[in-house]
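For reference, the structure discussed in these notes is given below.
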C-alpha cells in the first residue's frame with residue numbers, strides 16, 4: 001500500500017503542473033478575502049434555495065391534487081443542497097474545529113452527491129419520456145437510477161470514513177485520491193447521461209411537425225439544459241481531477257483557497273443551478289390530464 005502511494009506521489013511530481021501567479025497566492029492568503037468569499041458563496045446558495053422553495057410552492061399551489069412529482073422532487077432537492085451549502089460556508093471557519101473529523105468531511109462533500117442526484121433526476125425523467133415515446137419498457141429505469149445512487153453514496157461514504165478513521169498516513173492519502181477519482185468518474189458519467197438522453201430527446205423533438213405547439217420552446221429547453229448540465233459536470237470532473245493531482249495548490253474545500261472555491265462552486269453549481277431554474281421556471285398546466293408531467297410512484 002505504501003509503495004503504491006509513494007509511486008503515485010512520485011508520478012505527480014513529474015507532471016510539473018504550472019505554478020499559480022503571485023497575486024493569486026497573495027489574495028488567497030488574505031483573511032478578509034477568505035471571509036468575504038465564504039459569505040459570498042453562502043449568499044449565492046441562499047438565493048438559489050429561496051428560488052427553488054418559491055418554485056416548489058408555486059407548483060404545489062398550481063397542481064395540489066398531485067403528489068411528489070419529478071418536478072417537485074427536483075426543486076426540493078435543489079433547495080436542500082443549497083441550504084446545506086449555504087450553512088457550511090456561512091460557518092466555514094467553525095468546521096475546522098469540528099469533531100469528529102468525519103462529520104466535517106460529510107458536511108463538505110455530501111451536498112456534492114445530493115447535487116448529482118438532483119440533476120441526474122432530469123436524466124431519469126428524460127429517459128422515461130424517450131422510452132415511452134419509443135414504446136420501450138420503463139420499469140427498470142427507476143431501479144437502475146436508485147441502484148446507481150446507492151452504490152455511489154456507499155463507495156464515497158466508505159472512502160471518506162476510511163480517510164478519517166485510519167491512522168496510517170499512506171492509507172489516508174490513498175483514500176483521498178480514490179475518493180477524488182471516484183467523484184470525477186461519477187461526474188463524467190453524469191455528463192454522458194445528459195448528452196445521451198438529452199441528445200436523444202432533442203432529436204426526437206426535432207422530428208415533430210413544425211406546427212406543433214411549444215415545439216420550439218421545448219427544443220430550446222432540452223438543448224440548453226443538456227448543454228449546461230453536461231458542461232458543469234465535465235468541469236467538476238476536471239476540477240476534482242486537478243485537485244487529486246495537486247493537493248497543495250489546487251485542493252478544494254479548504255480555508256486557504258477562497259478564490260479557487262469561488263471559481264469552482266460558481267462554475268459547477270451556482271451558475272448552472274440559476275440557469276436551469278430559470279429555464280425550467282414554467283409551471284405545469286392546470287388541467288386534469290397533463291402530458292409529460294409524471295408522478296413519482298410511492299412504491
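Things worth noting here:
- Region 20-56 - residue that is touching a helix residue (DSSP H, G or I) at 6+ places or on another chain (Cβ under 9 Å) and not in a helix (DSSP H, G or I) and, of those, farthest from residue 79 (Cα to Cα): 20
- Set 184, 230: member being surrounded by 19 or more Cβ atoms within 10 Å (Cβ to Cβ), within 18 Å of residue 244 (Cβ to Cβ), touching a residue at least 12 places away in the same chain (Cβ under 8 Å) and under 22 Å from the mean Cα position of the chain (by Cα): 184
- Within region 77-102, the residues that satisfy the criterion of being more than 20 Å from the chain's Cα centre (by Cα) and in a helix (DSSP H, G or I) are 93, 94, 95, 101, 102.
- Note on region 258-272: residues that are within 25 Å of residue 119 (Cβ to Cβ) and surrounded by 18 or more Cβ atoms within 10 Å (Cβ to Cβ) total 9.
- Identity of the residue in region 57-74, in a helix (DSSP H, G or I) and free of Cβ contacts under 8 Å to residues at least 24 places away in the same chain, that ends up nearest to the chain's Cα centre (by Cα): 72
- Residue within region 122-138 that is surrounded by fewer than 15 Cβ atoms within 10 Å (Cβ to Cβ) and closer than 28 Å to residue 265 by Cα present: no
- Filtered by the rule that a residue be surrounded by fewer than 13 Cβ atoms within 10 Å (Cβ to Cβ) and either in contact (Cβ under 8 Å) with a residue 40 or more places away in the chain or under 27 Å from residue 202 (Cα atoms) (or both), region 139-164 gives 139, 140, 143, 144, 146, 147.
- Test result for residue 110, surrounded by fewer than 19 Cβ atoms within 10 Å (Cβ to Cβ) and either out of contact with any strand residue (DSSP E or B) (no Cβ under 8 Å at 6 or more places or on another chain) or in a loop (DSSP other than H, G, I, E, B) (or both): yes
- Evaluation of residue 283 against (1) buried (at least 16 other Cβ atoms within 10 Å of the Cβ); (2) touching a residue at least 12 places away in the same chain (Cβ under 8 Å) (one fails), failing number: (1)
Every read-out reported here was derived from the displayed coordinates using simple, explicitly stated rules and does not represent laboratory data. Worth saying up front: this structure is predicted, and the values here are computed from it rather than measured. Every residue, glycine among them, receives a Cβ derived from its backbone with ideal geometry; neighbour counts consider all protein chains shown.
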